[in-house]
Number of protein chains: 2
Amino acid sequence: MITIIAKHIIQEDKTTAFRSLAEELIVETHKETGCIEYSLFEDIDHKNILTFIEEWESKEAIEKHFNSNHFTRIVPQMKALLSTSPEINLYKEVI
Amino acid sequence: MITIIAKHIIQEDKTTAFRSLAEELIVETHKETGCIEYSLFEDIDHKNILTFIEEWESKEAIEKHFNSNHFTRIVPQMKALLSTSPEINLYKEVI
């Protein structure tokens with residue numbers, strides 16, 4: 001099981017556009033094999049910090065996700081709305 | 001419901017000490033009212049990145065946690081092992 005935390009800092013006036021794209025991405029990603037959890041979280045104090053918390057069955061499933069039509073179509077549009085590079089970490093639970 | 005992502009970058013030779021303190025903190029925190037989830041995750045590619053993923057019932061429960069004996073005793077010891085300030089975000093799920 002692999003957990004991904006993907007943190008995005010969005011340009012102040014672009015959060016609505018980002019959330020709309022994220023919603024589309026989430027709907028498509030939930031259909032993928034190996035996707036256990038894939039949700040978007042908003043920072044309570046900074047509405048322009050939006051973070052995906054994801055859970056995947058395997059690295060193979062994540063690779064397929066990164067190469068999927070919806071990912072390669074939607075993610076570049078999301079990246080154009082950021083104020084800085086996204087911060088993405090892949091984790092395994094240890095305690 | 002509030003989700004906390006607390007990311008720590010640890011000095012390369014201090015990860016074992018950090019994990020030992022984290023284990024103690026996790027055992028005590030699991031006993032707290034309002035704590036739904038509280039686990040430690042290791043970055044797959046960087047063993048010195050260790051991140052708590054937490055779920056809490058309310059802000060009040062988090063406040064109590066921050067003021068608990070175990071938190072105020074253990075967390076300063078963990079902070080001394082970091083190579084940079086921890087990165088802590090409080091989130092609500094939006095999609």
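Residue by residue through the range B:55-67, note down the ones that are of a type in the set (A, V, I, L, M) and surrounded by fewer than 18 Cβ atoms within 10 Å (Cβ to Cβ). Working first, answer last.
Narrowing the range B:55-67 to residues of a type in the set (A, V, I, L, M): B:61-62.
The one that is of a type in the set (A, V, I, L, M) and surrounded by fewer than 18 Cβ atoms within 10 Å (Cβ to Cβ): B:Ala61.
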Inspect all residues belonging to the range A:53-72 and state whether any of them is on the phi > 0 side of the Ramachandran plot, touching a Ser or Thr at 6+ places or on another chain (Cβ under 9 Å) and among the small types (Gly, Ala, Ser). no
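From the list B:Leu90, B:Leu50, which one is on the phi < 0 side of the Ramachandran plot, at pLDDT 95 or above and in contact with a His (Cβ under 6 Å, 6 or more places away or on another chain)?
Details: B:Leu90 fails: in contact with a His (Cβ under 6 Å, 6 or more places away or on another chain).
Result: B:Leu50 is the single residue among B:Leu90, B:Leu50 that is on the phi < 0 side of the Ramachandran plot, at pLDDT 95 or above and in contact with a His (Cβ under 6 Å, 6 or more places away or on another chain).
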Filter result for B:Ile10 (surrounded by 19 or more Cβ atoms within 10 Å (Cβ to Cβ) and either under 11 Å from the mean Cα position of the chain (by Cα) or within 11 Å of another protein chain (Cβ to nearest Cβ) (or both)): no
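If you take the residues in the range A:13-26 that are at the interface with chain B (Cβ under 9 Å from one of its Cβ atoms) and not small (Gly, Ala, Ser), which one is nearest to B:Ile44 (Cα to Cα)? Don't jump to the end; show me each part of the working.
Residues of the range A:13-26 at the interface with chain B (Cβ under 9 Å from one of its Cβ atoms): A:19, A:22-23, A:26.
Those still in the list that are not small (Gly, Ala, Ser) too: A:19, A:23, A:26.
Values: A:Arg19: 28, A:Glu23: 27, A:Ile26: 24 Å.
The selected residue is A:Ile26.
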Checked the range B:13-54 for anything of a type in the set (Lys, Arg) and either in contact with a Gly (Cβ under 9 Å, 6 or more places away or on another chain) or loosely packed, with under 14 Cβ neighbours inside 10 Å (or both); matches are B:Lys31, B:Lys47
Filtering the range A:27-74 down to residues that are away from every other protein chain (no Cβ under 13 Å), assigned to a helix (DSSP H, G or I) and within 24 Å of A:Lys14 (Cβ to Cβ) yields A:His65, A:Phe66, A:Asn69, A:His70, A:Phe71, A:Thr72, A:Arg73, A:Ile74
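Could you say whether any residue in the range B:15-24 is under 15 Å from A:Val94 (Cβ atoms) and in a strand (DSSP E or B)? Explain how you work it out, then say what you get.
Here is the first cut: in the range B:15-24, the residues under 15 Å from A:Val94 (Cβ atoms) are B:15-24.
Those left that are additionally in a strand (DSSP E or B): none.
No, the range B:15-24 contains no residue that is under 15 Å from A:Val94 (Cβ atoms) and in a strand (DSSP E or B).
With respect to A:Ile74, is the statement that it is surrounded by 13 or more Cβ atoms within 10 Å (Cβ to Cβ), among the β-branched types (Val, Ile, Thr) and more than 24 Å from B:Glu54 (Cβ to Cβ) true?
Details: surrounded by 13 or more Cβ atoms within 10 Å (Cβ to Cβ): yes; among the β-branched types (Val, Ile, Thr): yes; more than 24 Å from B:Glu54 (Cβ to Cβ): yes.
Here the answer is yes, as A:Ile74 does meet what is asked.
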Considering each residue of the range A:65-82, count those that are without any contact (Cβ under 8 Å) to a residue 24 or more places away in the chain and either touching a strand residue (DSSP E or B) at 6+ places or on another chain (Cβ under 8 Å) or small (Gly, Ala, Ser) (or both), and give that number. 1
Which numbered condition in (1) more than 13 Å from the chain's Cα centre (by Cα); (2) free of Cβ contacts under 8 Å to residues at least 40 places away in the same chain is the only one that B:Val27 fails? (1)
Give the range B:30-61 a look and list any residue that's over 14 Å from A:Thr3 (Cβ atoms), free of Cβ contacts under 8 Å to residues at least 40 places away in the same chain and of a type in the set (A, V, I, L, M, F, W, C), or say none. B:Cys35, B:Ile36, B:Ala61
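The values are calculated or read from the model by the stated rules, or taken from the named source; none is laboratory data. Here the structure is a predicted model, which means the values were calculated and not measured. With ideal geometry, Cβ positions are generated from the backbone for all residues, glycine too; neighbour counts draw on all protein chains shown.
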